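Down below is the structure, laid out as structure tokens.
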Amino acid sequence: MRALSVPELLGAWESGLTQGPVERVLTLLGAACPELPRDSLALLSIGQRDARLLTLREWTFGSRVDSLVPCPRCGERLELTFNVADVRVDGEAPPELPVAVAEYVLRLRPPNSTDIAALAAEPSVERKRRLLFERCLIEAHRDGQDAPPETLPAEALDTAARHMAEADPQADIQLDIACSHCGERWRSVFDIAAFFWIEIEAWACRILREVHTLASAYGWSERDILALTPARRQAYLEMAGA
Ligand SMILES: [Zn+2]
């Protein structure tokens, strides 16, 4: 993986405009990981994918993360600042995971982008959970015999979900938050894929505005303006009175 140039990041943003959340993350990583075909990226576990996204985010916008989180009790919008390193988890999900529950022995793989994309249109959370489990189930045995997925009890799903989450911890970043206003404490999920994309959208709008300003002032082409370093672009923007 490598850092993206300004034109490459802008290109990924443009391609992602017409794509769903899972697809545009693959577009972004595909631009940064030319050594990996898109199909291989789609088969990374969500934790492996998010580890790459954290690195790419660090290379693109720095290691400091600033976000706003509304307090679920009083509604106050809290400023949350942390470093990418604070949410980075060591270790990668194993390709397969054995899980024993009651009289069943299961073999599962961690969820990947193809699973998330396949389930995106399913409105029922419960059904989505069952479908994800069935997609990730490699095999299930009971007393040495094959056990069809639909015969497995809810307890097997719960245990399997817990084991899979533990085996791929980077896929589920949770932050401990305390409200400075009312004292409420809770855990909030930090979704690097959604967060990074929102940042890229804001960045792209700013860059395009800057191109517009400089092109209008100096008659330069988009390509020439995007090739400027941020410091020079800023200096010319100031001289152009922007
Ligand atoms: Zn509060």
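The values are calculated or read from the model by the stated rules, or taken from the named source; none is laboratory data. All of these numbers come straight from a predicted model, not from anything done at the bench. Here Cβ is always computed from backbone atoms with ideal geometry, including for glycine, and neighbour counts include all displayed protein chains. Heavy atoms of the whole protein, side chains included, go into the accessibility calculation; ligands, DNA and RNA do not. Shrake-Rupley method; radii C 1.70, N 1.55, O 1.52, S 1.80 Å.
Using a 7 Å offset from Cα along Cα-Cβ at Asp176, what residues in the stretch 80-94 end up with backbone N under 20 Å from the label point?
The answer is 80-90, whose backbone nitrogens lie closer than 20 Å to the label point.
On a 1.4 Å probe surface of the protein chains, which of Glu122, Glu35 comes out largest in accessible area, and what is the full order?
Greatest to least solvent exposure: Glu35, Glu122.
I'd like to know how the stretch 183-242 sits against the 2.2 N^0.38 Å rule of thumb: what's its Cα Rg over that expected value? Present the calculation step by step, with values, prior to reporting the outcome.
Working: Rg = 16.9 Å, N = 60, 2.2 N^0.38 = 10.4 Å.
Against the compact-globule rule of thumb, the ratio is 1.62.
Over the stretch 51-92, what is the relative contact order in whole percent, taking alpha-carbon pairs under 8 Å and six or more residues apart?
36 percent
Could you give me the ³J(HN,Hα) list for the stretch 33-45, computed from phi with Karplus coefficients 6.51, -1.76, 1.60 and θ = phi - 60°, whole Hz, x at Gly and Pro?
10, x, 6, 10, x, 4, 4, 5, 4, 5, 9, 5, 5
With just the Cα atoms of the stretch 16-131, tell me how far they stretch along each of the three principal axes, in Å, largest first.
48, 44, 33
With runs of 4+ DSSP H residues as the only contributors, calculate the mean residue ellipticity of the chain at 222 nm using -39,500 (n - 2.57) per run, divided by the residue total and rounded to the nearest 500. Mind showing how you got there, number by number?
Numbers: 10 runs with 119 residues, N = 242.
Computed ellipticity for the chain at 222 nm equals -15000 deg cm²/dmol.
So what does the Cα-only Debye profile of the stretch 132-192 read at q = 0.12, 0.28 Å⁻¹, as log10 I(q)/I(0), no solvent term?
Log10 I(q)/I(0), no solvent term: -0.48, -1.18.
Using a probe of 1.4 angstrom, how much of the accessible area of the stretch 11-84 is carbon and sulfur, in percent?
Numbers: 1780 of 3600 Å².
Percent of accessible area from carbon and sulfur atoms in the stretch 11-84: 49.
Kindly state, to the nearest 0.05, the FRET efficiency for Arg209 paired with Glu126, given R0 = 51 Å and r defined as their beta-carbon distance.
Given R0 = 51 Å and the Cβ-Cβ separation, E is 0.70.
Between the helical axis of 230-239 and the dominant principal axis of the chain, each derived from Cα atoms, what acute angle in degrees is found, rounded to the nearest 10?
In the chain, helix 230-239 runs at an angle near 40 degrees to the longest axis.
Quick one: Cα centre-to-centre distance for the stretch 204-241 and the stretch 2-74, in angstrom?
Comparing the Cα centres of the stretch 204-241 and the stretch 2-74, I get a distance of 25 Å.
I need the calculated FRET efficiency for the pair Arg232 and Met1, taking r as the beta carbon distance and R₀ as 25 Å, to the nearest 0.05.
E between Arg232 and Met1, to the nearest 0.05, is 0.40.
Give me the net charge for the shell around Glu201: Cβ to Cβ below 14 angstrom, other residues only, Lys and Arg +1, Asp and Glu -1. Mind dumping the intermediate values first?
Working: positive: Arg24, Arg57, Arg206, Arg209; negative: Glu14, Glu199.
Taking every other residue near Glu201 into account, the sum is +2.
Relative to the first principal axis of the alpha-carbon coordinates of the chain, what is the inclination of helix 192-218, with its axis defined by its Cα atoms, in degrees from 0 to 90 and to the nearest 10?
Roughly 20 degrees between the two axes.
With springs only between Cα atoms under 10 Å apart, run a GNM on the chain and tell me which of Leu214, Leu108, Leu44 wobbles the most.
Among Leu214, Leu108, Leu44, the largest GNM mean-square fluctuation belongs to Leu214.
Could you work out, for the stretch 28-76, what percent of all Cα-Cα pairs fall into each 10 Å distance bin, beginning at 0 Å and stopping at the bin that holds the largest distance?
22, 38, 23, 14, 4
Heavy atoms only, probe 1.4 angstrom, no DNA, RNA or ligands counted: give me Trp197, Trp59, Trp186 ranked by accessible area, highest first. Show your work: numbers first, answer last.
Values: Trp197 10, Trp59 125, Trp186 45 Å².
Result, largest first: Trp59, Trp186, Trp197.
Would you compute the Debye intensity of the stretch 85-194 from its alpha-carbon atoms alone, equal scatterers and no solvent, and pass along log10 I(q)/I(0) at q = 0.17, 0.20 Å⁻¹ to two decimals?
-0.90, -1.12
Tell me, what is the per residue accessible area of the chain in Å², probe radius 1.4 Å?
Details: 13450 Å² over 242 residues.
Per-residue accessible area for the chain comes out at 56 Å².
Using only Cα atoms, tell me the angle between helix 21-32 and the longest principal axis of the chain; keep it within 0 to 90° and round to the nearest 10.
Around 60 degrees separate the two axes.
I'm a student and want to see the number: the projected area of the Cα convex hull of the chain, averaged over all directions, in nm².
16.7 nm²
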